[in-house]
Structure formats: structure tokens, C-alpha cells
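What follows is a short report on a single structure.
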Amino acid sequence: MGSQKVAIFDQVGEEADFTVGTAPIPEPGPGEVRFRVAAFALNQADLLLTKGRHYVEAQLPIRVGYEGCGTVDAVGAGVTRFRIGDRVTSLPNAIGPYWTGGEYAVAQEDFLTDWPEGWSAADAASLWMQYLTPYFPFAELFPFEPGSWVMITAASGGTGIGSIGMAKLLGARVIATTRSESKVAMLKRHGADVVLSTERDDFAAEVMKATDGEGVRLICDTLCGPYVSMLTETLADQGIMFIHGALGSDDNMLSVSVLNLVYRRAGIYGYSLINELKHPDRLARGRNFVLDAVASSKLPKPVIDRIFPLDDVRKAYDRMRSGQQTGKIIVSVAE
């Protein structure tokens with residue numbers, strides 16, 4: 001059918017970068033849907049791939065894009081829920097090489113939903129990673145009682161802000177962390193009850209003060225590295241810290257005093273959304289929960305930081321590397 005422009009990288013390492021290349025326009029197989037991409041969202045996992053620090057091995061050159069939205073232009077055999085002309089959003093696909101970073105994308109039917117009414121392309125492209133990532137640990141893996149304290153580190157990114165919204169929806173009180181004083185007011189506007197800097201010497205003491213000595217039931221951590229030991233000092237009795245990123249680490253390693261865990265009967269859990277979406281029943285529960293919450297306005301539209309055209313995909317990732325973003329960074333592909 002011809003070729004398309006795609007976002008790719010072709011080497012692994014600290015100096016690896018994203019470029020715009022070409023690839024064949026794929027044909028949908030049985031149970032698959034092809035859509036013309038309107039926009040796709042950036043995620044920190046893309047950067048980990050370029051550095052060889054993701055548990056998925058990069059087969060070079062590799063496409064990028066875990067989530068996006070667009071208009072269906074072809075369907076494979078057996079597809080029943082979508083037809084040509086439908087506007088759709090794409091969930092992060094755990095099975096096979098399904099990437100949204102280009103002019104066309106293919107997804108399995110179960111990984112597509114209707115584009116929410118009244119949402120822009122930037123909104124629709126940002127929906128899934130930011131709300132599904134916290135859904136599983138908050139609602140299924142480590143459910144908490146209403147009023148429990150939940151901490152969200154590096155909270156100003158898209159998934160961080162989405163995690164605040166999900167935690168509040170489920171009844172938690174939220175401590176958000178940031179290294180930037182300029183983001184404190186913004187995080188409180190989006191629902192954080194307390195905002196603290198992980199750079200302050202009395203961080204653990206401030207958390208205990210804010211929670212009246214109780215500590216936090218659940219820590220949603222994307223920092224890893226040297227921050228872990230300090231964060232475990234804030235856990236409540238039988239608290240859990242789940243790690244799903246490594247923004248504060250250069251080597252994916254963590255160092256923690258085991259006594260912090262033993263004293264609190266606490267635990268550390270390695271978490272990946274992709275692992276949950278490999279199971280059709282979990283996929284359906286998470287997808288339906290988020291769609292119902294969006295339809296009833298219990299979860300708001302995503303916060304959009306900046307929008308870049310496809311030809312400026314390198315600038316978009318430079319923005320993510322800077323750590324200055326507030327919300328999701330979007331690449332616009334087609335009107």
C-alpha cells in the first residue's frame with residue numbers, strides 16, 4: 001500500500017535519539033484494525049528503550065508510541081466492534097509490535113475504544129497510560145481503604161497527574177512529590193492534599209507530620225535509585241511501595257535498608273502496566289473502569305503540556321528529557 005513516516009530510533013545508548021524515518025503501511029490481520037493516526041503521546045518508557053534500560057529488548061530500528069488515537073481506515077477478518085470511519089483511541093498493546101508513532105498504526109480490536117465525545121486528538125491520545133497505570137495497583141493489586149494515604153513521586157508528568165486523579169477517585173488522601181517549587185500550586189489544583197520536595201533533608205519527617213505519624217499505605221514510585229531508602233522510611237505498617245520507573249537512577253539499581261521494611265512489615269513490588277494488559281480479563285476490567293469514569297466526568301481530561309508536529313519528534317523527546325513538562329507531551333500527526 002505504500003510507505004509512511006514513522007518515529008524511530010536506530011541505536012541504543014545515552015546518545016541515542018529519535019528521528020523520522022519511513023516504514024511500510026501495515027495491513028491489518030485477523031482481529032486487527034488499522035487507523036490513520038491523529039496524534040500519539042510520549043512516555044518515559046520510550047527513553048528507557050533508547051538507553052537499553054527497559055525490560056523489553058529493543059530490536060533496531062524500533063518504532064515508538066504506546067498510545068494514540070485516529071480514524072479507522074481498514075479492518076481485518078473477524079473484527080466486529082469497529083468499521084471504517086470510526087474514531088478510536090489505542091491502549092498500550094502488550095502482545096506484538098504495535099506502535100502508534102507514525103502516520104498509520106495497527107492494533108488488536110480489544111486494545112481499541114471509541115474516541116471520547118468532545119475530546120481533542122491530544123486528549124484522546126493521552127487517555128490510557130495515565131489512568132490505566134495507577135488503576136491496577138490502586139484498585140486491584142493493593143486496594144486501600146477510603147482515607148488512606150497514597151504517595152505519588154515525580155507527580156507532575158502525565159502519569160503522575162493521572163495517578164492523583166485515580167487515587168482521589170478511589171478515596172485516598174494524596175501526597176505528591178516534586179523537585180520544583182513552581183509545580184506545587186499546580187499539583188494541589190489537580191487534587192494533591194500535600195505536596196513535598198524529595199530534595200529536602202527532612203522529607204521523611206514532613207511526611208510523618210502530614211499523616212499524623214501514620215505514614216503512607218501505598219507509594220507509587222517512578223524514581224527508584226537512591227530515593228528508595230528514603231521513601232521506605234515513610235511507609236505505614238504493612239505499607240507497599242511499587243516501582244514502575246527509574247527517573248532517579250542511571251542503572252536501574254536500588255539501595256534500601258532492609259530494616260526499613262522489616263520494622264514496618266512493608267514490601268517493594270516491581271510493577272508494569274504491560275504485564276497486566278497481557279491478561280484479557282484484567283484488560284477488560286481496567287478499560288471499562290476508566291471509560292465509565294471518563295463518561296461520568298469522575299476522571300477529567302488529561303493535562304497537555306505541549307504539542308509537536310511529527311517532523312519535530314526529536315524536540316518533543318528533548319522536552320521530556322528536560323523534566324520541565326507538566327502533563328502529557330503529544331506529537332500531532334494528522335488533523
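The values are calculated or read from the model by the stated rules, or taken from the named source; none is laboratory data. As the structure is a prediction and not an experimental result, all values here were calculated from the model. Here the Cβ is made from the backbone with ideal geometry for all residues, glycine too, and neighbour counts use every protein chain on show.
Take residues that are touching a helix residue (DSSP H, G or I) at 6+ places or on another chain (Cβ under 9 Å) and in contact (Cβ under 8 Å) with a residue 12 or more places away in the chain and tell me which of the strands (runs of 3 or more DSSP E) falling wholly in region 102-189 contain 2 or more.
112-114, 149-152, 173-178
If residue 217 passes every condition in (1) surrounded by 20 or more Cβ atoms within 10 Å (Cβ to Cβ); (2) of a type in the set (D, E, K, R); (3) in a helix (DSSP H, G or I) but one, which one does it miss?
Result: residue 217 fails condition (3) only.
I'd like to check something: does region 85-99 contain any residue that is without any contact (Cβ under 8 Å) to a residue 40 or more places away in the chain, assigned by TED's automatic domain parsing to the domain that holds residue 239 and not hydrophobic (A, V, I, L, M, F, W, C)?
no
Could you tell me whether residue 227 is on the phi < 0 side of the Ramachandran plot, modelled with pLDDT of 95 or more, of a type in the set (Ser, Thr, Tyr) and in the same structural domain as residue 142 (by TED's automatic domain parsing)?
no
How about region 257-335: which strands (runs of 3 or more DSSP E) wholly inside it have at least 2 residues that are in contact (Cβ under 8 Å) with a residue 60 or more places away in the chain? Show your work before the answer.
Working: elements: 267-270, 304-309, 328-332.
Filter on region 257-335 gives 304-309, 328-332.
Scan region 184-219 for residues that are of a type in the set (A, V, I, L, M, F, W, C), under 21 Å from residue 303 (Cα atoms) and out of contact with any Phe, Trp or Tyr (no Cβ under 7 Å at 6 or more places or on another chain) and jot them down.
Keep residues of region 184-219 that are of a type in the set (A, V, I, L, M, F, W, C), which gives 184-187, 192, 194-196, 203-205, 207-208, 210, 216, 218-219.
Now restrict to residues that are under 21 Å from residue 303 (Cα atoms): 184-187, 192, 194-196.
Within region 184-219, 184, 185, 186, 187, 192, 194, 195 meet the criteria.
Yes or no: region 240-257 includes at least one residue that is surrounded by 19 or more Cβ atoms within 10 Å (Cβ to Cβ), more than 20 Å from the chain's Cα centre (by Cα) and at pLDDT 90 or above.
no
Just give me the residues in region 194-213 being in contact with a helix residue (DSSP H, G or I) (Cβ under 8 Å, 6 or more places away or on another chain), more than 20 Å from residue 244 (Cβ to Cβ) and assigned to a loop (DSSP other than H, G, I, E, B), in sequence order.
200 - this is the single residue of region 194-213 that is in contact with a helix residue (DSSP H, G or I) (Cβ under 8 Å, 6 or more places away or on another chain), more than 20 Å from residue 244 (Cβ to Cβ) and assigned to a loop (DSSP other than H, G, I, E, B).
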